[in-house]
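Notes for the one structure printed next.
The values are calculated or read from the model by the stated rules, or taken from the named source; none is laboratory data. For clarity, every value in this text was computed on a predicted model and none was experimentally measured. Quick reminder, even Gly has a Cβ in these numbers, built from the backbone with ideal geometry, and neighbours come from all protein chains shown. Heavy atoms of the whole protein, side chains included, go into the accessibility calculation; ligands, DNA and RNA do not. Shrake-Rupley method; radii C 1.70, N 1.55, O 1.52, S 1.80 Å.
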Amino acid sequence: MQTTLVIIKPNGVQGGIIGEIIARYEKARLSIAALRIRNITREEADGFYAEHRGKGFFTELVDFMTSGPVVLLALRGEKAVEAVRQMNGATNPKNAQPGTIRFDFAPSMGENVVHSSDSPESAAREVAYWFKDSELVNYPAASHLL
Ligand code: IDP
Ligand code: MG
């Protein structure tokens, strides 16, 4: 079992597709270990995306991620890290496969609607970055949808 971190970015929140995105993860039999909607600070965005500091798009990325509320989501399931990366699609929506979230909803690379952890190591860091252990819950993911 793995736990991975997803962020629904400000355009996903303002576009009214929070429910649609979360429904896809539930249909994939992932359980929600933690869930919160809030604004994040520039300092939080900077620390979260530390690996990208100094890149040309970094300021644009921090500007975008702090432009409105985001949904922070920890998802749990078998091979959850890779499963969610696949469901989200390629970083550049122009390269994303049909049926992925970014293919369906993302207007551009900079505004690609969702973040997800890229490895089990990143996932551990990223879940802990936003959530305390005591905030994570456990329940069996649906075997069929009610
Ligand atoms: P990922 O979100 O698919 O893991 P990363 O390479 O980790 O992609 O980049 C983090 C985020 O930074 C991307 O989701 C995207 O929003 C933004 N980003 C990455 N590369 C570019 C770029 O070349 N131009 C604009 N934004 C970019
Ligand atoms: Mg990444």
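May I ask you to list the residues in the range 80-101 that are assigned to a helix (DSSP H, G or I) and open to solvent by less than 20 Å² (accessible area, probe 1.4 Å)? Can you show your working first?
Narrowing the range 80-101 to residues assigned to a helix (DSSP H, G or I): 80-88, 93-95, 101.
Of everything in the range 80-101, those that are assigned to a helix (DSSP H, G or I) and open to solvent by less than 20 Å² (accessible area, probe 1.4 Å) turn out to be 80, 81, 84, 88, 93, 101.
Taking the range 1-79 as the region of interest, the strands (runs of 3 or more DSSP E) fully inside it that hold 2 or more residues being surrounded by 13 or more Cβ atoms within 10 Å (Cβ to Cβ), hydroxyl-bearing (Ser, Thr, Tyr) and touching a Gly at 6+ places or on another chain (Cβ under 9 Å) are 2-8.
For the range 102-113, name all the residues that are more than 10 Å from ligand 1 (Cβ to nearest atom) and crowded, with 16+ Cβ neighbours inside 10 Å. Quick ask: steps written out before the conclusion?
We begin by selecting, within the range 102-113, every residue more than 10 Å from ligand 1 (Cβ to nearest atom); these are 103-105, 107.
If the condition is that a residue be more than 10 Å from ligand 1 (Cβ to nearest atom) and crowded, with 16+ Cβ neighbours inside 10 Å, then 103, 104, 105 are the ones that fit.
Yes or no, residue by residue, for (1) more than 23 Å from residue 140 (Cβ to Cβ); (2) touching a helix residue (DSSP H, G or I) at 6+ places or on another chain (Cβ under 6 Å):
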{"position": "14", "(1), (2)": "yes, no"}
{"position": "19", "(1), (2)": "no, no"}
{"position": "22", "(1), (2)": "no, no"}
{"position": "26", "(1), (2)": "no, no"}
{"position": "32", "(1), (2)": "no, no"}
{"position": "35", "(1), (2)": "no, no"}
{"position": "39", "(1), (2)": "yes, no"}
{"position": "52", "(1), (2)": "yes, yes"}
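Can you spot a residue in the range 1-19 that is more than 19 Å from residue 123 (Cα to Cα), away from ligand 1 (no atom under 16 Å from the Cβ) and in contact (Cβ under 8 Å) with a residue 60 or more places away in the chain? So that I can check it myself, show each step before the final result.
As a first pass, look at the range 1-19 and keep what is more than 19 Å from residue 123 (Cα to Cα): 10-19.
Now drop any that are not away from ligand 1 (no atom under 16 Å from the Cβ), which leaves 16-19.
Then drop every residue that is not in contact (Cβ under 8 Å) with a residue 60 or more places away in the chain, which leaves 17.
Yes, the range 1-19 contains a residue that is more than 19 Å from residue 123 (Cα to Cα), away from ligand 1 (no atom under 16 Å from the Cβ) and in contact (Cβ under 8 Å) with a residue 60 or more places away in the chain.
Is the range 114-123 home to any residue that is open to solvent by 80 Å² or more (accessible area, probe 1.4 Å) and free of Cβ contacts under 8 Å to residues at least 40 places away in the same chain? Yes: one or more hits.
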